[in-house]
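Visitor: Would you mind keeping the following structure in view while I ask a few things?
Nothing in this text is a laboratory measurement; each read-out follows from the coordinates by a stated rule. All values reported here derive from a predicted model rather than from experimental measurement. Ideal geometry is used to build each Cβ from the backbone, glycine not excepted, and the neighbour counts take in all protein chains shown.
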Amino acid sequence: MAAPMDMQGEVMDPFKIEYKRYKRRNPPPDLSEIIDFDKPGNFSDKIEAYNLDSTCCQDELVLNKFGLKPVKEWKVYRLKESPGFIFIVNPFIPGYQRYWVKRSLKDFPEKPNMRNLDLYMEVAESDNIWESRIHKRDPSLYSTDPPENTDFLSKLRWVTLGYHYNWGKKEYYGKEIWSSLPSDIGALTKCLASVLGFRQYHAQAGIVNYYNMSSTLGGHVDEAEFDMSAPLLSFSFGQTAIYLQGGKTRDVKPDAVFLKSGDVMIMSGETRWCYHSVPRILPPAKGKPVPECFKFTEEASGKYECDQRTGETTVEERPPEHHCVENESTQMNTSSANIDPKHSSSTHTQVGDSNLQFQNKTSHRTSTQSDDQSQTTTNSQCYDLDSVFKQFDEDMKYLKDEDNWKPFADYLHETRINFNVRQVMKPGQSFPEEIAKPGT
Ligand SMILES: O=C(O)CCC(=O)C(=O)O
């Protein structure tokens, strides 16, 4: 049989064949082969349970304060073919994902973080991306006139955090263009990683991706990090994505997986060197424009109750000491990353959008910070959990009011948000002036 070709007459590799298959709208693809972690029994040939580190009760306490269910209730799996791919089925208590949606829409797109918008639009420092959306929805709520032509939010495709990513050069900018990674993301990912067995994890960079219904993300490998032995943690909110997890070359047929709101996916070990992509965002179910898991339930109102296992209550409690950690060794629990120079042309691609084509208008810079405590030569990091949880509690109080939540829910009707968080450097490493990247 002749090999399948693309529109340009080029032979398609197995990764591309699957990508095109799931991207296609007419006729729609058969979705029955896509791994649905809500129905693990149907996919037992492909997935298996992943055992958690049960000794991290302090981390569990912190996670509970972030609105995550007790770890013993989590459903965690990995792919048999790609055991470094770990999947936590939505561990958030119903309603509590609202916080991360608000952070992704209202806070993370603000300066000094970098955004795709800065590449082709004049966005004044004072322009608030989220407020521009609110103006558009209901100008009568505001005393001042909205700025002209400023529906920034609908054009927002990515925001970078911490060590900002240079999409053109496919590498991190380094010390000159750096802003502190939000502490809540740092603390959340540190605790999650710890429960999964990656006790030394230290978040240093993040990418927030904003997908609309026609957005796709082409096949790529995330390999700009200097420490490829550290896991990458990836969170999904809003509409469901079809995600492809491939192998170390494009010749491996990828597994297709549903990523639903609240799901947490982790790439670790060898899987850090594997191709992956998002060929499709699926429309919401009829009559349910926003996934059910955004609704508060009885379970949600019991969030602060005493944890039966530890017998401790929580809200006023001091942060556990080990949230100041020094990384002494490389990550646990990963098979050491296999350095393969063949991958060097495949680094991170941006969320593409068939509706939006923009020209690079200006070169971009973000504000610089010279007192960069996070760039110490150890990966030492303390999170001020008191203020993190103060903000969390204030935001949740605000977001529990359905009127306040509504504009965020409206945005989610036709979008998916993903944020993924990376450790960039090896323990003890400062940002390299001249350092050979993995694979070079
Ligand atoms: O949107 C996703 O789930 C994947 C994002 C991704 O692969 C990336 O940003 O590198």
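Visitor: Taking the Cα-to-Cβ direction at N42 and at D393 and moving 7 Å from each Cα, how far apart do the two end points lie in nm?
Guide: 4.2 nm
Visitor: On to the next question. At 0.36 nm per residue, minus the direct Cα-Cα distance, what do T297 and D53 gain on full extension? Give it in nm, one decimal, please. Kindly include the intermediate steps, with their values, before the conclusion.
Guide: Values: separation 244, 0.36 × 244 = 87.84 nm, distance 2.85 nm.
Full extension of this stretch gives 85.0 nm more.
Visitor: Quick one: net charge around G84, please, counting Lys, Arg +1 and Asp, Glu -1 for every other residue with C-beta under 12 Å from its C-beta. Working shown, then result.
Guide: Working: positive: R78, K80, K248, R272; negative: E81, E270.
Neighbourhood net charge equals +2.
Visitor: Same structure, new question: Give the peptides 223-235, 250-262 in descending order of average Cβ contacts within 10 Å, highest first.
Guide: 223-235, 250-262
Visitor: Count charges around D401 for me, please; just the other residues with Cβ under 13 Å from its Cβ, Lys/Arg as +1, Asp/Glu as -1. Don't jump to the answer; show the numbers that get you there.
Guide: Values: positive: R98, K102, K397, K400, K406; negative: E394, D395, E402, D403.
Charge balance near D401 sits at +1.
Visitor: For the ranges 62-73, 195-206, what's the packing order if you count other beta-carbon atoms within 10 Å of each residue, average per peptide, and put the highest first?
Guide: 195-206, 62-73
Visitor: Quick one: which residues, 5+ away or cross-chain, put their amide H under 5 Å from the amide H of W178? H built at 1.01 Å from N.
Guide: So W178 has HN proximity to Q369.
Visitor: Count the net charge of all other residues whose Cβ sits under 11 Å from the Cβ of H220, scoring Lys and Arg as +1 and Asp and Glu as -1. Could you put the intermediate results ahead of the total?
Guide: Numbers: positive: K170, R250; negative: D222, E223.
Net of charged neighbours comes to 0.
Visitor: Which distance in Å, rounded to a whole number, links the C-alpha centroids of segment 58-81 and segment 1-37?
Guide: Between the Cα centre of segment 58-81 and that of segment 1-37, the gap is 34 Å.
Visitor: A follow-up question, please. For E122 and S180, what is the calculated FRET efficiency with R₀ set at 25 Å and r taken between the beta-carbons, to the nearest 0.05?
Guide: That gives a FRET efficiency of 0.45.
Visitor: Using alpha carbons only, how many angstrom separate the centre of segment 380-402 from the centre of segment 157-183?
Guide: Rounded to whole Å, the Cα centres lie 24 Å apart.
Visitor: Using the beta-carbon distance between D251 and S154 and R0 = 30 Å, what value does 1/(1 + (r/R0)^6) give for FRET efficiency, to the nearest 0.05?
Guide: The calculated FRET efficiency here is 0.20.
Visitor: How far apart, in nanometres, would the label points at D410 and K288 be if each is projected 7 angstrom from Cα along the Cα-to-Cβ direction?
Guide: Result for the modelled spin labels: 2.4 nm.
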